[in-house]
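The values are calculated or read from the model by the stated rules, or taken from the named source; none is laboratory data. Just so it is clear, the model here is predicted, and its values are computed rather than measured. FYI the Cβ positions are ideal-geometry reconstructions off the backbone, even for glycines, and counts take in every protein chain you see. These area figures cover heavy atoms from the full protein model, side chains too; ligands, DNA and RNA do not enter into them. Shrake-Rupley method; radii C 1.70, N 1.55, O 1.52, S 1.80 Å.
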Amino acid sequence: MLPFKLIYSDGYFLPIGQHVFPAEKYRLVRDRLLETGVARVEDFVMPTPATDENILLVHTSEYVRKLKTGTLSPQEELLLELPYSEALVGAFWLAAGGSILAAEHALKDGVALNIGGGFHHAFADHGEGFCMIHDVAIAIRRMQRDGKIRTAMSVDCDVHQGNGTAAIFGGTKGIGGPLGGPLPSSAPGTLHRENMAESARDNDVFTISLHQENNYPAIKPPSSIDINLPDGTGDDDYLAWLDNALSSGLRQMQPDLICYVAGADPYRDDQLGGLALSIEGLKKRDELVFRMARTRRIPIMTAYAGGYAKKLEDTVTIHSNTVVAAKEVFV
Ligand SMILES: [Zn+2]
């Protein structure tokens, strides 16, 4: 049995018909973990849907009302890029419940993984980019409300910038200053930005996003640390930037919880991504994040976010490897 929990429900399936988002990936990851002996049935914990009260810790009452009553405007539905249905709302509420449960288990066991979630493009008042509500932000706010944590750090490694995360926790800016270590060899066009703010002491959620610069979202609200990577960035450069961003972030804040958004779409064969990581490189990425958390004794929860590999089995392999990496680091 694993020394940590995997949060999963068949209800994670998104009823969205033929879509570039592989809605069945969650079940396939679970099956792969069982088939390969990485996990056993008893390692999985089933979530219950988040309550509306929990959703309202992050989202506006107006937006939640529209979702519950099926009254999104056509424009809002277009921005979401998913066909609205009541069942879809249920799947997202469940994913949020899963991230809450993952955060709770992470605080107990040091690490926990939601085999779902990571909907980092959702804003307080609207959804976009396949993300209806922001399950990870909801989990953070719920842990804070329960007095279980004071501060958190979001580490977003999806190929797309975590615009919803940045906007929701927008008050939180890195305190800036030069990076301590030597910078990795920076490819042309790479922009590293840390935002200065005087009010860093009041900040409670620090946001790090490593993403492809020339990709959705066109407008990128500032995270505490944004690493805007050039097209075609490969394993070595990516891992160097990640190591640097984590070290810099953790010099600025020792959070009570890390939320790792482990997108599978920085993969070189991804349909919606333009970075060039290998499957092995992505596993090293996961190991790096987990090792950093373990070394510093910071609890870490993981959610999956995107993954649109030309071959679905590659997306399943990348997501499954995140659990393998956790097992290697935490067992
Ligand atoms: Zn993505």
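For the reader, a short list of remarks on this structure follows.
- Sorting S61, S223 on solvent-accessible area from highest to lowest, probe radius 1.4 Å, gives S61, S223.
- 13 Å beta-carbon shell around L80, net charge (K/R +1, D/E -1): -4
- The chain shape via C-alpha gyration tensor axes, a/c threshold 1.5: rounded
- Charge sum, other residues only, whose C-beta stays under 15 Å from V38's C-beta, Lys/Arg counted +1 and Asp/Glu -1: -1
- Equivalent ellipsoid, the range 223-304 (semi-axes from 5 times Cα gyration tensor eigenvalues, Å): 23, 14, 11
- Whether the range 195-331 is rounded, prolate or oblate, judged on the alpha carbon gyration tensor where a/c under 1.5 counts as rounded: oblate
- When the chain is treated as a GNM with alpha-carbon contacts under 10 Å, the residue of D265, D243, D286 showing the greatest mean-square fluctuation is D243.
- When the C-alpha to C-alpha distance is required to be over 32 Å, the pairs from K5/K311; K108/K310; K25/K284 that qualify are K108/K310.
- The mean sequence distance of close C-alpha pairs (under 8 Å, at least 6 residues apart), as a share of the length of the chain, puts its relative contact order at 20 percent.
- Choice from E213, E104, E280 showing the highest fluctuation, given a GNM over the chain with Cα pairs closer than 10 Å: E280
- For the residues F13, F123, a 1.4 Å probe over the protein chains yields an accessible-area ranking, largest first, of F13, F123.
- Taking the helices alone, the chain has a mean residue ellipticity at 222 nm of -12000 deg cm²/dmol, built from -39,500 (n - 2.57) per DSSP H run of at least 4 residues and averaged over all its residues.
- Euclidean distance between Cα centres, the range 119-140 to the range 260-284, Å: 21
- Charge context of H160, other residues only, Cβ under 10 angstrom, K/R +1, D/E -1: -2
- Bridgeable aspartates and glutamates around K66 (alpha carbons under 18 Å apart, same-chain partners fewer than 8 residues away excluded): D52, E53, E76, E77, E81, E86, D125, E128, D135.
- Cα gyration tensor category, rounded, prolate or oblate, for the range 1-160 with a/c compared to 1.5: oblate
- When DSSP beta bridges are restricted to pairs lying wholly in the chain, around 20% turn out antiparallel.
- Calculated from backbone phi, Karplus (6.51, -1.76, 1.60) coupling profile of the range 48-56 in Hz, x at Gly/Pro: 10, x, 4, 7, 4, 4, 5, 4, 6
- Residue with peak Gaussian network fluctuation, the chain [Cα springs, cutoff 10 Å], from T302, T51, T151: T51
- With one equal scatterer per alpha carbon and no solvent term, the Debye-computed log10 I(q)/I(0) for the range 60-144 at 0.13, 0.19 1/Å reads -0.41, -0.79.
- Square roots of five times the Cα gyration tensor eigenvalues for the range 9-66, Å: 29, 17, 7
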